[in-house]
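What follows is calculated from the coordinates using simple rules that are stated; it is not laboratory data. This one's a predicted model, so the numbers in the text were calculated from it and none came from an experiment. Note that each Cβ is placed from the backbone with ideal geometry, even for glycine, and that neighbours are counted across all protein chains shown.
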Amino acid sequence: MVATTLDIEMPARDRVAANRRLIRLWLYCVMLVLFTLVLVGGATRLTDSGLSITEWKPIHGVIPPLSEAQWQEELEKYRQIPEYQQINKGMSLDEFKVIYWWEWAHRVLARGVGLVFAVPLFLFWAMGRVESHLKPKLLALLALGGLQGFIGWWMVSSGLTERTDVSQYRLATHLTIAALIFAGLMAVARSLAPHSEGPAATATQRGARWLALLVLFQIYLGGLVAGLDAGLTYATWPLMDERIIPTGLFDLSPWWINLFENPLTVQFIHRSGAYLLFALVIVHALRTIARDGAGSTHARRALLMVALVTLQAVIGIATLLMLVPLHMALMHQGMGFLLLGFAVAHWRGTVGETPLPRFA
């Protein structure tokens with residue numbers, strides 16, 4: 001453990017508070033880089049760029065092609081996969097470079113998130129600035145980030161041999177783990193923040209926790225929608241296929257496969273989940289006002305969550321009606337992560353701040 005002169009002179013309670021503030025700011029920085037990564041990943045998906053790099057090189061892959069010969073070599077590798085042969089046959093080198101740079105940026109940012117998290121964690125740990133109750137949580141997030149790198153390649157590999165795109169199962173898994181990491185970072189950061197009020201009523205805490213989980217589930221469903229390009233079909237609202245409940249929801253056999261492979265069913269479930277979330281957020285806000293008081297911080301945050309969910313619903317509907325343009329789709333995906341972050345922060349606020357250690 002490394003102790004600075006400032007650490008020795010600073011009272012123990014103030015030192016812990018200062019460490020918490022430092023770690024909190026660091027985690028917010030990691031979240032910002034991760035949020036950027038999610039947006040670049042969405043753009044990579046929407047521009048059909050995700051299969052442009054056909055090999056997984058965790059270290060060497062940071063260096064892009066530096067010569068004409070290297071670019072030609074990368075293009076030749078891309079020509080061997082079904083996406084090129086069935087969709088992009090005849091693509092020029094300049095056209096290939098556009099999709100290559102999107103995927104390269106996505107992979108480099110992913111490595112950047114790992115460095116921004118792992119290096120400061122090691123330093124803070126060595127300097128004794130990480131409280132013991134935080135260590136397993138931060139190590140779990142580090143391990144989840146490592147797993148995410150493997151899952152990213154597992155996802156890409158599904159589109160390199162027989163398919164012309166990646167598996168929607170793997171895409172949804174990849175997106176959901178990114179959301180889990182984002183939520184975990186927010187939960188740890190907010191647990192270290194000073195809170196203006198004490199814990200909310202137990203029922204309020206429970207409701208806030210369920211809302212955060214439902215937002216996470218919606219992100220998973222959004223991953224399935226993206227993987228099936230379901231947003232490009234049935235682009236009407238509020239009706240689907242001119243019906244409130246469309247026919248054909250369970251046309252595939254066995255019935256359960258429709259939940260994952262039928263674009264109509266997947267989009268219908270995603271819409272239904274949005275309606276459910278919207279209703280539950282309103283109910284939660286009204287009950288929080290009744291339990292904790294209209295002027296409480298918990299009630300104000302619950303009302304703000306109503307506004308955020310409403311905004312996300314408007315963005316989602318507009319994205320659908322406009323046939324998923326790039327800027328609207330990225331706005332919808334980014335807003336989904338912001339909503340998740342706020343839902344987790346709201347839940348953590350209802351629980352209350354982590355008490356400072358007892359000092360003699």
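Quick notes
- Here each label is just a point 7 Å from Cα along the line to Cβ, and for residue 63 and residue 201 those points are 6.3 nm apart.
- Distance between the pseudo-spin-label points of residue 108 and residue 307 (7 Å out from Cα toward the beta carbon): 3.8 nm.
- Each residue, residue 272 and residue 85, gets one label point 7 Å from its Cα in the Cβ direction; the gap between the two is 3.9 nm.
- Net length gained if the chain between residue 323 and residue 259 were fully extended (0.36 nm per residue, minus Cα distance): 20.8 nm
- Ordering 97, 89 from the fewest to the most neighbouring beta carbons within 10 Å gives 89, 97.
- Between residue 70 and residue 252, the FRET efficiency estimated from the beta carbon spacing at R0 = 35 angstrom works out to 0.20.
- Counting only whole DSSP H helices of the chain, the ones at least 27 Å long by C-alpha along their axis and with mean Kyte-Doolittle hydropathy no lower than 0.5 are 12-46, 93-126, 135-157, 168-191, 202-227, 263-292, 297-321, 326-351.
- A Cα-only calculation for the stretch 77-126 places Rg and Dmax at 17.6, 54 Å.
- Segment residue 147-residue 245, extension gain: residue separation times 0.36 nm, minus the distance between their alpha carbons: 31.4 nm
- In Å, descending, principal axis extents of the Cα set of the stretch 195-346: 50, 34, 23
- Rg [Å, one decimal], Dmax [Å, integer] - the stretch 155-262, C-alpha atoms: 18.8, 56
- Extended-chain gain in nm, criterion 0.36 nm per residue less alpha-carbon gap, residue 279 and residue 162: 37.9 nm
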